[in-house]
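The numbers here are math on the coordinates, done by the rules we state, and not lab data. Computed from a predicted model, the values in this text were never measured in an experiment. All Cβ positions, even for glycine, are placed from backbone atoms using ideal geometry, and neighbour counts span all protein chains on display.
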Amino acid sequence: MIRIISLASFTAAFLLVVPARADELNIYFKTTPNIEWLRPYADAATMSLLVTDANGRPLTDGSVAIRLDAPRSGVFFSTDFPWVEGTRLQEMQLDLRQGRANWKYLFPIRGQYRLAVNVSTADGRKASKEFTFNVRENEKKWSTLAAFSAGLFFLGFIAGRVFTAAPKEIVIILFALLTASGARADTSSSQYDASALLEVAPATVGRPTLVRWRFNSDFDPESSRVLLSLAIVHLEKAKTVFEVERIPVLGEFAMNFQFTDGAEYRLVAVGEKPGRPPIRSEKFVSATALEPPTKAMIPAFGYFIGLIAIGLIAGRWSKRRGGR
């Protein structure tokens with residue numbers, strides 16, 4: 001009797017577990033090029049998500065909500081854009097096509113990024129997963145830092161030898177802090193189709209900005225279904241910082257996107273609809289820059305001043321030793 005009861009309990013538990021496992025969703029993430037080759041402000045990387053069921057079949061219907069957060073502040077040296085550290089970079093929702101969602105993004109700084117993905121299906125299933133990955137600093141910048149550090153030390157060394165020649169002379173070196181002034185936010189647009197509207201809220205570095213594209217066609221939802229391509233280009237660097245291609249949109253696409261550099265950008269949206277010419281909209285945006293936070297400037301200035309001071313001490317010591 002005990003064995004029969006145990007067998008019945010095991011069978012009941014198995015029947016309860018199998019449907020739950022059948023509803024499981026698997027979320028996979030990759031970048032092109034691979035993560036180990038990514039560098040800040042090099043080229044936009046293609047970010048890809050694949051969602052499958054428990055049997056490995058790509059979902060035929062569903063959407064993904066995507067949230068990307070910037071790396072947190074470093075221990076000593078800040079990144080090129082310290083006001084971006086630890087902030088929200090983008091939030092958007094994309095429909096899955098054959099279980100996939102793709103977009104391009106240009107990573108602004110080095111460090112560990114966090115990508116949160118929430119999946120929703122037409123039949124009510126949900127899944128979420130968070131990915132962390134590290135973007136390394138460009139090797140050229142470390143070489144530049146090493147050369148600049150050596151130059152500061154050499155400058156201090158020469159100054160130490162020169163000023164040591166004057167007896168009892170006290171050398172004082174003053175350093176002026178460099179400040180960057182913020183540019184006024186400005187937006188202008190040129191619409192090529194009256195039925196399409198590309199809107200961008202005032203952009204400030206360090207905060208997400210609402211970007212929205214809308215298309216209305218006789219107020220019929222089905223006639224508003226288009227394939228949207230949207231690109232954001234950094235004009236000064238001539239680099240694409242964000243891009244989606246031919247994503248299905250039912251009348252509107254909106255996302256929160258952070259412009260990480262105080263510069264001018266061009267946004268180009270193209271909607272494709274069978275039986276009519278491409279629906280093109282364009283807008284220029286000037287993002288407001290911010291002064292680097294004090295906590296980011298102090299370690300760097302302390303490091304550079306310390307190098308010059310060490311050079312001064314070494315120069316004075318070598319001069320006095322040579323004069324004996």
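Within the shell of other residues whose beta carbon sits under 12 angstrom from the beta carbon of D95, the net charge comes to +3, with Lys and Arg scored +1 and Asp and Glu -1.
Using a simple spin-label model with pseudo-atoms 7 Å out from Cα toward Cβ, A54 and F133 lie 2.9 nm apart. Protection proxy ranking for 268-276, 45-53, 103-111, 125-133, using the average of other Cβ atoms within 10 Å per residue and placing the highest first: 103-111, 45-53, 268-276, 125-133.
Between I35 and D80, what FRET efficiency follows from the Cβ-Cβ distance if R0 is 22 Å, with the result rounded to 0.05? Computed FRET efficiency for I35 and D80: 0.65.
With 0.36 nm allotted per residue and the present C-alpha distance subtracted, the N216-A122 stretch has 31.4 nm of extension available.
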